[in-house]
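Read the figures in this text as sums done on the coordinates, not as results from a lab. This structure is a prediction, so every number in the text was calculated from the model and none was measured. Using ideal geometry, Cβ is built from the backbone for each residue, glycine included, and neighbour counts are taken over all protein chains shown.
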Amino acid sequence: MPPFPPKMSWFLVFVVSLIAVCRASVCPCERAELCQQIHGERDFEVFVFDVGGKTWKSYNWSMVTTVAMFGKYDAELMCYAHSKGARVVLKGDVHLSYIVDQDNRTAWIMEKVNLAKSQFMDGINIDIEQAVEDGSPEYLALTDLVKETTEAFHREIPGSQVSFDVAWSPKCIDKRCYDYVTIAEFCDLLFVMSYDEQSQIMGDCIAMANAPLSQTLDAYNQYLNLNIEPKKLVMGVPWYGYDYPCLNLSQEGICSIAEVPFRGAPCSDAAGRQKPYSWIMKQVNSSMSGRLWDSKQHAPYFNYKDQKGKIHQVWYDDPQSIGPKADLVKSKGLRGIGMWNGNILDYSEDPVARQQTAMMWNALLGC
């Protein structure tokens with residue numbers, strides 16, 4: 001949202017938000033009780049990001065506890081999730097330079113609270129992945145934003161949930177030097193994005209696993225060593241992979257990739273393209289290598305040639321690589337697990353696809 005002039009921001013957002021609340025005063029569900037916000041906690045959180053469409057109808061709703069609606073608002077999804085006892089939460093994103101100003105911050109929070117009320121939602125997922133310097137005005141404003149957002153949502157929507165998305169490690173990944181400890185104290189849970197772990201490649205520019213097992217698990221120890229409560233942490237796993245065009249494929253199978261810098265690193269996974277699990281399962285069958293397994297990174301991969309004869313290497317996660325990560329969730333007593341994102345499996349009636357999709361959902365519960 002572009003910033004309003006300081007003196008106008010609070011008032012304009014108030015008016016817009018008030019109109020939104022009034023317009024949505026009628027419950028869109030078949031039964032009025034389905035518009036009531038979800039209260040109470042589940043012992044185990046399965047946090048699903050939904051980016052739009054209707055594939056949510058095929059989710060394993062016996063598992064889902066929270067849906068973060070990152071696509072267009074879908075009243076049908078809200079009603080159905082509530083019928084299953086699952087929360088539906090808003091996406092919250094804003095330029096940090098804008099909310100350094102207290103009035104702007106208050107206006108943004110009011111807008112989100114009123115939007116949640118008008119859409120019969122159950123909270124907000126704050127997804128701010130911007131670079132922040134330790135101790136900067138943005139650093140302080142971000143922490144205040146989480147605190148004030150949580151207070152406002154809990155006050156205005158009793159039982160609501162406020163979550164905050166964090167990088168796979170708290171060690172200033174992608175220059176996101178946040179006050180992780182204080183933010184964790186203020187919000188209800190941290191969604192740890194245990195993927196895109198090659199966003200900063202400091203060594204050789206080569207294709208690697210999206211979420212190597214040992215690196216992923218070590219990062220949770222880093223969070224826990226900050227004395228962040230295990231029950232504040234939800235593990236996020238990828239239901240997608242990276243397709244890297246190889247500049248060269250060595251005899252040992254190492255794929256050299258283009259140098260694409262990112263936030264201080266000479267190379268990054270931006271040299272590849274994200275591919276959904278549904279595409280990967282089709283492509284691996286026709287690949288030149290078939291499914292391969294890297295025992296060091298504990299991840300599957302394969303090589304294929306495109307129509308121009310260029311070799312690609314694809315790294316991804318599947319039930320075999322996700323299972324041990326889900327086991328850590330249980331062994332460390334974390335709050336739960338989730339994925340980016342729920343829509344990118346193959347939910348067709350094809351029997352092979354149905355089995356693959358069921359196995360990915362079941363992998364969230366461990367080996």
> Mind checking the angle between helix 137-156 and the chain's longest principal axis? C-alpha axes, 0 to 90 degrees, to the nearest 10.
Replying inline: 60
>> If you take every DSSP beta bridge fully contained in region 181-335, what fraction is antiparallel? Give it as a percent rounded to 5.
In response: 85
> Once both axes come from the Cα atoms, what is the angle between helix 213-225 and the longest principal axis of the chain, in degrees from 0 to 90, rounded to 10?
Replying inline: 30
>> Could you tell me what a quarter of the Cα convex hull surface of the chain works out to, in nm² with one decimal place?
In response: 19.2
>> 7 Å from Cα along Cα→Cβ at both Gln251 and Glu30: what's the point-to-point distance in nm?
In response: 6.6
> Tell me, how many Å apart are the Cα centres for region 337-367 and for region 89-133?
Replying inline: 31
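Semi-axes, largest first, in whole Å: what does sqrt of 5 times each Cα gyration tensor eigenvalue give for region 264-367? List each step's numbers first, then the result.
On the way: eigenvalues 126, 74, 34 Å².
Over the Cα atoms of region 264-367, the semi-axes work out to 25, 19, 13 Å.
Going by average Cβ neighbours within 10 Å, how do the peptides 60-67, 259-266 rank, with the highest at the top?
Working: 60-67: 20.1, 259-266: 14.1.
Packing order, densest peptide first, comes out as 60-67, 259-266.
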> Check Cys267: other-chain or 5+ apart residues with amide H under 5 Å from its amide H, H built from backbone geometry?
Replying inline: Ile201, Phe262
>> Test of understanding: in a Gaussian network model of the chain with alpha carbons linked when under 10 Å, which of Ser256, Ser194, Ser295 would top the mean-square fluctuation ranking?
In response: Ser295
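How much of the DSSP bridge set in the chain is antiparallel, in percent, rounded to the nearest 5? Provide the component values of the computation, followed by the final result.
Details: 21 of 54 bridges.
Antiparallel bridges make up about 40 percent of those DSSP assigns within the chain.
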>> Could you tell me the relative contact order of region 117-242? Use alpha-carbon pairs under 8 Å, at least six residues apart, and round to a whole percent.
In response: 26
> Expressed as an acute angle from 0 to 90° and rounded to the nearest 10, what is the orientation of the C-alpha long axis of helix 351-363 relative to the principal long axis of the chain?
Replying inline: 70
>> Using Cα springs under 10 Å in a Gaussian network model of the chain, which residue among Asn114, Asn341, Asn285 shows the largest mean-square fluctuation?
In response: Asn285
>> Among Ala68, Ala152, Ala207, which one shows the highest mean-square fluctuation when the chain is modelled as a Gaussian network with alpha-carbon springs under 10 Å?
In response: Ala152
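Which whole-number percent gives the relative contact order of the chain, counting Cα pairs below 8 Å spaced six or more residues apart?
Values: 729 pairs, mean separation 58.2, N = 367.
Relative contact order here is 16 percent.
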>> Among the listed pairs Lys117/Lys330; Lys117/Lys231; Lys57/Lys91; Lys91/Lys175; Lys232/Lys330, which have their C-alpha atoms separated by more than 25 angstrom in this model?
In response: Lys117/Lys330; Lys117/Lys231
